1. What is the calculated FRET efficiency for TYR433 to ASN480, with r their C-beta to C-beta distance and R₀ = 22 Å, to the nearest 0.05?
2. Remind me, relative contact order of the range 362-419 in percent, using alpha carbon pairs under 8 angstrom and six or more residues apart?
3. Over the Cα atoms of the range 286-496, what is the Rg over Rh ratio if Rh follows Kirkwood?
4. If the cut-off is a Cα-Cα distance under 19 Å, which lysines reach LYS432, setting aside same-chain residues fewer than 8 apart in sequence?
5. How many percent of Cα pairs in the range 388-498 exceed 16 Å?
6. Arrange the following residues from fewest to most other Cβ atoms within 10 Å of their Cβ: ARG490, ARG280.
7. Please arrange VAL380, VAL139 by counting, for each residue, the other beta carbons lying within 10 Å of its beta carbon, fewest first.
8. Counting DSSP beta bridges in the range 360-425, what percent are antiparallel, to the nearest 5?
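Computed from the coordinates by the stated procedures, all read-outs in this text should not be read as laboratory data. All of these numbers come straight from a predicted model, not from anything done at the bench. Note: ideal-geometry Cβ built from the backbone for every residue, glycine included; neighbour counts use all protein chains shown.
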Amino acid sequence: MSTMIEMPRYGANMDEGTIAAWLVSEGDSVTKGQAIAEIAIEKLSNELLAPEDGIILKLVGTEGETYDCGTPIAYIGQLDENVEGSTSVEIEAAESGNTKSSSSDATMVVMPRYGANMEEGTVSTWFFSEGDMVEEGDVIAEISIEKLTNELLSPTAGPFYSLVEEGSTVKCGKTIAKIGEGDVAEEGEVVSKCSPSEMDDVITGNKENTLVLEDSFETIASGSSVLTPKAKKLADELGVDASMLKGTGYHDMVTREDVKKANEAGALNKAGGTSTPINRKMTAMEKAIAAGMYKSLQETAQTTITMDMDVDNLVAFYKANKADYAAMGVKLSYTSVIINLVGKALQEYPIMRTIIDGDMFKELTDVNIGVAIDIDGGLVVPNIKNADKKFYSAVATELAELANKAKNGKLLENDLTGGSFTITNLGMFGIKYFTPVLNIGESAILGLGSIRKELASKKGGFYKKKYMSFSLTHDHRVINGAPAARFLNRIQELINEL
């Protein structure tokens, strides 16, 4: 019997919800936990998840319409099952974009949708080769979306065959692999059965004009090839310049295999030498950063105040504890110590973690401190949850773990969301003062400058003291200059108490 899906109730005060978007169509096969709709309530949106494996038999609710909680909006079940209040839905297996073929046991693997706003994803890495046996739940691929990476799990057991190359960017719901030896259906068309060696031609079409041959490598004159992250990493490791190589990947992107074959054939020059200006397409991360920075500056009234702080006690604390922490396997840093102190100050100054939500001031209750981390190709800001409640060692350990995950592209969505304040450090580059840009969804960001020795006077004499520059950008719509200055002064007091 089919299962009725009702308008959910996400909170005790929720009476109704609006179907902002259906993420599936009637006849689609879905798995338990898959997002099937985006439900809007006031200014928030939530994903509606499929309660079980099955086929979407009927979409009762209409996009844009508002329904009371508990109202039936869809039905899920199996082929030929009846839907309460409607006729039987006949669905042919060959017309389904995400199910098993009626003539075989091959199971399609599609580009998943990890969030309501996700439209496409990039296959960063395949973890299995053609014909490898996989078990249900095995991690078969790493999927990248903007700044995040997610693991793609095998839906069943059987022989694995990839249908797109590493580096390919694919629309959500499009077939990217199959489990099994049989035929699969893709976008309403049954793909003819083929061997693994023929699979690329079936999926990508006739690639005779773009395939890199064993002894002949096509180049482009402009030197503007776009390399996948894996290809760039390999080129850097080999010390070769692949910017002129014609790629065989999605939109002619240069794949890791392209670089490997061209290097083995001696077709790539060593990196370095005279460089020429290069025009290239922005990566997904670069586009996300550009859009975020522009949006931040357009929607807030940002101003920056600076303060030179006496950090003699901070330096003394770091030097006194560095060796002991290292013996415990913990890497202590000036940034990690300051995170602890800022966490305490944020607890005392809730205005620094208050944002504007409509016509209301909203205090962010959790002291989650983001740390800007420079990585290849961009910038990420993972955050340390409840930093005000953690010891110095715990913050130092978590900061090192987040930095390692960032460098290796292993950050999860939870690492990057929920922040209430951000710290960014340019002191290691000798920068004193700068103007940090607010992270969207926050009202303040603290920039750390270099530590330096300067002469100070006291009782008619001169002596050297260590100073550090602090640059605090705040949204003047929320935080006026005086509370921002008091917040900086409180940080100085906490440093003096170390």
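1. FRET efficiency, TYR433 to ASN480: 0.60.
2. Normalised by residue count, the contact order of the range 362-419 is 38 percent.
3. Rg/Rh for the range 286-496 comes to 0.97.
4. LYS453, LYS464, LYS465, LYS466
5. 72
6. ARG280, ARG490
7. Arranged by neighbour count, lowest to highest, VAL380, VAL139 become VAL139, VAL380.
8. 60
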